1. Given +1 on the Cβ of Lys and Arg, -1 on the Cβ of Asp and Glu, and no further charges, what dipole in debye does segment 141-225 carry about its Cα centre, rounded to the nearest 20?
2. Rounded to the nearest 20 Debye, what is the dipole magnitude of the chain about its Cα centre when Lys and Arg each give +1 and Asp and Glu each give -1 at the C-beta?
3. Using the crude model of +1 on Lys and Arg Cβ and -1 on Asp and Glu Cβ, and no other charge, please compute the dipole size for segment 52-134 relative to its Cα centre, in debye to 20.
4. Any idea which of LEU69, VAL107, THR270 is furthest toward the positive side of the dipole for the chain, if Lys and Arg beta-carbons carry +1 and Asp and Glu beta-carbons -1?
5. Shape of segment 13-82 from its Cα gyration tensor (a ≥ b ≥ c, root eigenvalues): rounded if a/c is under 1.5, otherwise prolate when a/b > b/c, or oblate?
6. Quick one: length gained pulling HIS38 to GLN199 fully straight, 0.36 nm per residue minus the C-alpha distance?
7. How large is the helix-only mean residue ellipticity at 222 nm for the chain, computed as the sum of -39500 (n - 2.57) over DSSP H runs with n ≥ 4, divided by its residue count, in deg cm²/dmol to the nearest 500?
8. How high is the relative contact order of the chain? Use alpha-carbon pairs under 8 Å, at least six apart in sequence, and give a whole percent.
Amino acid sequence: MSKILVTGGLGYIGSHTVVELINAGFEPVIVDDLSNSHPKILDQITKITGHKPVFHQLDLSDEHTVKNLATAEPDIAGVIHFAAFKAVGESVQLPLKYYRNNIYSLVNLLDAYYGKPINFVFSSSCTVYGQPDVLPVTEQAPIKPAQSPYGNTKQIAEEILFDTVSAGSAYKVIALRYFNPVGAHDSALIGELPIGVPQNLVPFITQTAIGKREKITVFGDDYNTPDGSCVRDYIHVVDLAKAHVAALKLMENNNFSGYDVFNIGTGTGTSVLEAIKTFERVSGLKLNYSIGPRRSGDVEQVWGNVSKAAEKLNWKTDLGIDTMMSSAWAWEKYISQNPL
Ligand code: NAD
Ligand code: WQD
């Protein structure tokens with residue numbers, strides 16, 4: 001069984017990916033500092049899979065800690081690097097916090113395992129495209145100037161990985177540019193755990209429905225889109241998790257070398273108002289929402305061309321917006337009744 005180091009493996013996307021790795025016969029080794037996750041997520045993963053992965057609680061932004069990790073876990077075949085801070089607004093206020101964590105952690109990992117033939121999957125983001133000129137956006141689209149320090153860390157990280165591969169290191173690297181991950185595992189035992197007031201649409205919808213928030217504001221209905229609200233490519237987190245397994249499998253293939261990048265979305269756009277209406281339909285609830293002003297920094301519309309991932313990763317999404325909303329709602333109900 002190939003050992004795969006999963007950094008940020010107790011976080012939202014990481015925990016779902018650990019489950020899919022186990023399902024696919026890999027042996028995940030989790031690293032997380034619990035800065036945005038909870039140790040009980042390890043128990044939840046164990047309940048779902050019947051297997052308790054090895055877990056190292058440590059901070060990857062510390063160079064010596066990561067060198068020690070590489071000594072303790074020398075025989076890994078792959079790394080999936082999720083660990084990062086991800087709050088766009090906070091990154092504008094505290095840029096150094098984001099550069100330190102998101103960049104140091106990546107460099108420390110690459111340095112500590114340098115020289116070993118490791119298949120490395122990196123969590124990038126559609127944020128690198130900003131507002132694309134052509135939709136659906138392909139991987140060849142120009143990278144736009146980053147709108148936030150967070151977005152900049154993704155652009156810089158892709159360059160660091162490209163340069164590391166170009167320098168002839170033994171790494172193979174795939175950067176996955178996620179669109180908007182939402183939803184939860186169908187067991188409802190793991191899901192997104194926003195700290196404080198959620199910034200993202202779907203947790204705000206479910207927290208409003210459960211009564212934690214009084215109402216949700218739709219940030220603008222005067223955009224140049226069919227219903228005036230912003231359009232995104234929402235992707236179910238379990239489909240996204242499976243894309244990481246597909247990326248590892250592609251790199252295990254001797255025909256793959258070097259660096260490549262893939263859009264990971266459904267290839268279709270959903271507006272904010274459509275998302276709200278879908279939630280209302282699948283939950284049978286009326287959501288208290290109103291139209292408010294635009295949120296500064298929002299792109300109007302983005303969805304991905306995902307044909308490269310279909311062709312080369314042999315991967316596609318199975319789950320649609322109804323399942324995204326119903327699974328997010330099942331998780332919200334579970335976690336409100338079973339707080340960690
Ligand atoms: P998350 O916050 O739920 O997971 C990140 C995990 O990394 C957390 O468990 C946190 O405790 C851990 N972590 C952070 N810094 C660490 C450090 N220095 N050492 C060890 N562990 C550390 O976030 P997520 O939504 O699962 O996102 C995972 C990755 O995907 C991130 O790199 C994020 O930028 C990227 N991404 C997320 C989205 C999204 O909308 N969720 C979209 C595109 C890309
Ligand atoms: C989706 C839509 C909002 C909340 C962010 C990051 C991006 C990436 C994914 C990591 C937008 C609208 C939201 C609310 C609303 N993350 N909305 N009311 O902005 O596409 O992307 O997460 O890489 O970098 O910027 O996602 O979920 O915040 O918003 O109307 O209360 O929902 O305006 O149109 P976004 P989101």
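1. 80
2. Using Cβ point charges on Lys, Arg, Asp and Glu, the chain gives about 400 debye.
3. In debye, rounded to 20, segment 52-134 gives about 100.
4. Checking the options against the dipole of the chain, the answer is THR270.
5. Working: a/c = 2.11, a/b = 1.39, b/c = 1.52.
Oblate is the answer for segment 13-82, as a/c is 1.5 or above yet b/c matches or exceeds a/b.
6. Here the answer is 56.0 nm.
7. Using -39500 (n - 2.57) per qualifying helix, the result is -11000 deg cm²/dmol.
8. 19 percent.
The values are calculated or read from the model by the stated rules, or taken from the named source; none is laboratory data. Source: prediction; values computed, not measured. Don't worry about glycine lacking a Cβ; one is built from the backbone with ideal geometry, like all the others, and counts go over all protein chains shown. Ligands, DNA and RNA are excluded from the accessible area calculation, which covers all protein heavy atoms including side chains. Shrake-Rupley method; radii C 1.70, N 1.55, O 1.52, S 1.80 Å.
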